[in-house]
Amino acid sequence: MADLWVKKSIEQLRTEAAESEHGLRKALGPIALISLGIGAIVGAGIFVLSGVAVQYTGPALVLSVLLSGVGCAFAGLCYAEFASTIPIAGSAYTYSYAAIGEFLAWIIGWDLILEYAVGATTVSIGWSGYMLSFLRTLHIPFPAELARSPWDPARMEDGTLVHSYFNLPAFLVVAVIAVLLILGIRESAKFNNIIVLVKVGVIIMFIAVGVLYVIRANWVPFLPANRGTFGDFGWSGVLRGSGIIFFAYIGFDAVSTAAQEARNPERDMPIGILGSLAISTVLYVAVVLVLTGITPFRRLNVPDPLAVAIDSTPAHWLAPIVKLGAILGTTAVILVMLLGQTRIFYTMAFDGLLPKGFSSIHPRFRTPYKSTALVGFFVALGGGLIPLRIVGELVSIGTLLAFTIVCGSVMVMRKKRPEIRRPFRTPMVWVVAPLGMIVCLAQMFGLPSDTWIRLFGWMAIGLIIYFSYSRHHSVLRNPPKPPRSAPTPTARIES
């Protein structure tokens with residue numbers, strides 16, 4: 001079993017990146033990378049999962065946001081070191097391959113597939129909720145039977161319960177974004193930059209106007225007492241809430257998946273990762289305080305909590321603007337999640353752990369079009385069928401596992417390869433990395449047991465695939481044989 005821990009050297013990874021002349025297009029600078037991170041971070045947590053998490057925390061949701069932000073800051077510093085040292089697409093998968101070995105790299109890669117695919121599914125459901133709310137603002141009807149998961153019935157304003165067949169808006173938005181990603185990374189980045197500017201402007205407007213209608217009584221009690229069950233308010237509720245809303249911070253992780261498409265990754269990757277994380281955390285804290293101050297938290301357990309909050313104020317003119325900003329914001333999140341997922345597929349297929357077809361690059365658009373099409377289809381299908389609560393918690397536990405392994409891997413690399421060049425070094429790594437692992441693991445244990453069961457089920461499927469296919473097709477374990485040279489004319493005469 002020793003060959004399970006075979007590693008890729010840093011030199012080999014850098015050589016592979018340098019030799020890929022016909023690989024991914026290098027089109028992203030520091031501003032585009034920060035925008036990419038904000039595009040993923042600012043969206044899902046604020047616009048969708050804040051309404052889910054607040055049911056465990058009450059007004060103390062801001063404490064969950066801060067706890068998640070601290071854990072992300074520790075993990076982000078570790079990611080920044082790896083991204084500058086190993087500027088290769090693949091994120092935590094690639095880092096683990098170099099630091100610990102192929103088996104754990106497969107585990108984390110399989111986990112990242114879950115993280116990004118289910119993340120995009122989660123946000124597509126939130127996108128659907130905001131789109132339908134926006135259509136209601138415009139008095140445009142949409143059939144309730146095509147608005148939610150079949151296992152997530154909707155209660156109408158008159159009290160009747162409607163069972164849906166399929167969430168059609170969630171399916172369609174993912175399909176359109178998948179096509180955009182196939183067309184090119186430069187086009188996708190420009191689209192994302194525009195959306196990020198709009199949604200950040202809308203969020204700042206929500207904060208500036210919403211603070212005028214804050215009712216302090218909505219913050220009392222700030223931390224509701226625990227009701228006898230772990231995670232049901234109290235400090236355990238804050239821990240559970242942070243585990244749920246942690247999902248929203250995977251944007252800086254998505255930045256690292258685009259390393260091979262950065263123009264100067266050694267300099268720009270740390271800027272993109274840490275810059276997007278800092279800006280997004282400040283916005284998160286402000287929005288959550290205003291959100292819970294405007295509306296009693298029990299009314300926010302919906303796919304569109306900001307829309308519900310602003311509808312409860314006299315500032316009705318802002319409601320359609322907030323809803324439109326949420327639609328654009330969640331669109332950007334879906335784009336970045338699909339981008340990260342397909343780049344993980346691309347890197348794992350390049351290494352032979354997945355079928356080679358997933359590493360195919362389109363001759364014109366220079367994007368991994370086959371993996372994008374496949375991932376786009378299944379994510380769209382998940383958005384149409386799966387309820388929001390299940391996918392939200394599942395992607396959080398996958399994200400936390402990835403962050404924990406990255407924090408551990410950076411210490412392993414410092415110990416085993418102290419001599420390699422590190423353009424960015426994690427400060428106080430022997431303090432920062434362990435603290436990152438502790439905070440992430442604590443939030444994982446705050447999630448419910450059924451989420452752990454689903455994670456173990458997904459990992460069991462991954463192990464079956466690894467031992468039946470990936471291990472036997474690994475390029476590192478089974479390097480291609482050099483072509484046999486043709487015999488020279490002299491050799492033929494001598495024989």
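Observations, loosely collected:
- All conditions but one from (1) modelled with pLDDT under 80; (2) over 22 Å from ILE125 (Cα atoms); (3) crowded, with 22+ Cβ neighbours inside 10 Å apply to SER276; the one that does not is (1).
- Qualifying position, being under 15 Å from PHE247 (Cβ atoms), surrounded by 24 or more Cβ atoms within 10 Å (Cβ to Cβ) and among the small types (Gly, Ala, Ser), among ALA53, ALA60: ALA53
- The listed residue being buried (at least 17 other Cβ atoms within 10 Å of the Cβ) and aliphatic (A, V, I, L, M), out of ALA178, ALA217: ALA178
Okay, residues lined up against (1) buried (at least 18 other Cβ atoms within 10 Å of the Cβ); (2) outside any helix (DSSP H, G or I):
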position: VAL406; (1), (2): yes, no
position: GLU419; (1), (2): no, yes
position: ALA460; (1), (2): no, no
position: ILE464; (1), (2): no, no
position: PHE467; (1), (2): no, no
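- Which listed residue is buried (at least 20 other Cβ atoms within 10 Å of the Cβ), charged (D, E, K, R) and in contact (Cβ under 8 Å) with a residue 12 or more places away in the chain, from GLU261, GLU266: GLU261
- So GLY243, is it surrounded by 15 or more Cβ atoms within 10 Å (Cβ to Cβ), outside any helix (DSSP H, G or I), in contact with a Leu (Cβ under 8 Å, 6 or more places away or on another chain) and not acidic (Asp, Glu): no
- Selection status of THR451, in a helix (DSSP H, G or I), modelled with pLDDT under 85 and touching an Asp or Glu at 6+ places or on another chain (Cβ under 8 Å): yes
- Candidates ILE113, ILE88, ILE108, filtered to the one that is buried (at least 24 other Cβ atoms within 10 Å of the Cβ), in contact (Cβ under 8 Å) with a residue 24 or more places away in the chain, of a type outside the set (Gly, Ala, Ser) and not in a loop (DSSP other than H, G, I, E, B): ILE108
- Residues located in the range 421-458, provided they are surrounded by fewer than 16 Cβ atoms within 10 Å (Cβ to Cβ) and β-branched (Val, Ile, Thr): VAL431, ILE438, ILE453
The values are calculated or read from the model by the stated rules, or taken from the named source; none is laboratory data. Note that this is a predicted model, so its numbers are computed, not measured. Please note: Cβ atoms are built from the backbone with ideal geometry, for glycine as well, and neighbour counts cover all protein chains shown.
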